[in-house]
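Data first, discussion second: the structure below is written as structure tokens.
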Amino acid sequence: MTGWQRFRVVEWPVLRSVLPAVSGFIFLLCFNSFAVVLALGGGPAASTLEVAIYQALKYDFNPSEALFLAWTQLVLAGGIFLIFSRMGRFQWLAPAQAGQVWLPDSSALFYWAGRLVYLLGWLFLTLPILVLLPLAWQADWAFLQQTQLTWVIIRSLTLAVAASLLAVCLALALLSLWRTGRREHFRQWIAGVALYPLVVP
């Protein structure tokens, strides 16, 4: 088969079954992402529902407004999640193939072009950090020590390690429930629990 025939007969049926769910997954990540707010410049003009909930509780202390915004986000994100989950499903646990891996044939030009695009993507993502590196030699490190920067870094690392371990333990627990579950609706409930943070902040 040619490359187009292989895509149409073999690859596209698989992609078509998971593409809606993957699209909804990416959309919900962007819908609830604080990085989108930062990319748009921050402030009230680029706020999201999740940031508005935080502002209503932290700064205005308006629980009724925060509750209304939380229910609005739950209805929007939950509705979008249900729509995309009905259109396609994830294949969380792929069957073992005993080492049989199929790799598509590609030319050397396509191979190096892909590597170049990947390198440019990493350069674009790390450019803000690279710009700040020359300023590190001019920083007032004594002032930073007075601001308890060391304790801030230790606290951040401690929280990151604890959150990572807790997330791994919860994921393993969900996987064990998934493997022991015999009914389809029970597995759908487990998948909904795994994707719960995408719907509710």
Got a sec to turn the phi values of the range 21-34 into Karplus ³J(HN,Hα) couplings, 6.51 cos²θ - 1.76 cosθ + 1.60 with θ = phi - 60°, whole Hz, x for Gly and Pro? 5, 5, 4, x, 4, 5, 4, 5, 4, 6, 5, 9, 8, 6
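Starting from 0.36 nm per residue, how many nanometres of slack lie between GLN55 and LEU157 once their C-alpha separation is accounted for? Don't jump to the answer; show the numbers that get you there.
Working: separation 102, 0.36 × 102 = 36.72 nm, distance 2.59 nm.
Taking 0.36 nm per residue and subtracting the Cα distance, the gain is 34.1 nm.
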What is the Cα centroid distance between the range 5-64 and the range 152-201, reported in whole angstrom? 19 Å
Starting from the amide H of ASN62, placed 1.01 Å from N in the peptide plane, find each other amide H under 5 Å away whose residue is 5 or more places distant or on another chain. LEU57
So, R0 is 25 Å and r is the distance between the beta-carbons of SER176 and ARG86; what FRET efficiency does that work out to, to 0.05? 0.40
Run the numbers for PHE186 and GLN138: contour at 0.36 nm per residue of separation, minus the present Cα-Cα distance, in nm. 11.5 nm
Over the range 1-91, calculate the relative contact order: mean separation of alpha carbon pairs under 8 Å at least 6 apart, over the residue count, as a percent. 41 percent
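Please arrange TRP4, TRP178 by how many other C-beta atoms lie within 10 Å of their C-beta, fewest to most. Mind showing how you got there, number by number?
Numbers: TRP4 8, TRP178 15.
Ascending number of Cβ neighbours within 10 Å: TRP4, TRP178.
What length, rounded to one decimal in nm, is gained on full extension from GLN5 through to THR72, with 0.36 nm per residue of separation minus their alpha-carbon distance? Kindly include the intermediate steps, with their values, before the conclusion.
Values: separation 67, 0.36 × 67 = 24.12 nm, distance 4.51 nm.
Taking GLN5 through THR72 to full extension adds about 19.6 nm, to one decimal.
Each value in this text was obtained by applying a stated rule to the coordinates, not by laboratory testing. Predicted model, so just to flag it, every value in this text is computed and none were measured. Using ideal geometry, Cβ is built from the backbone for each residue, glycine included, and neighbour counts are taken over all protein chains shown.
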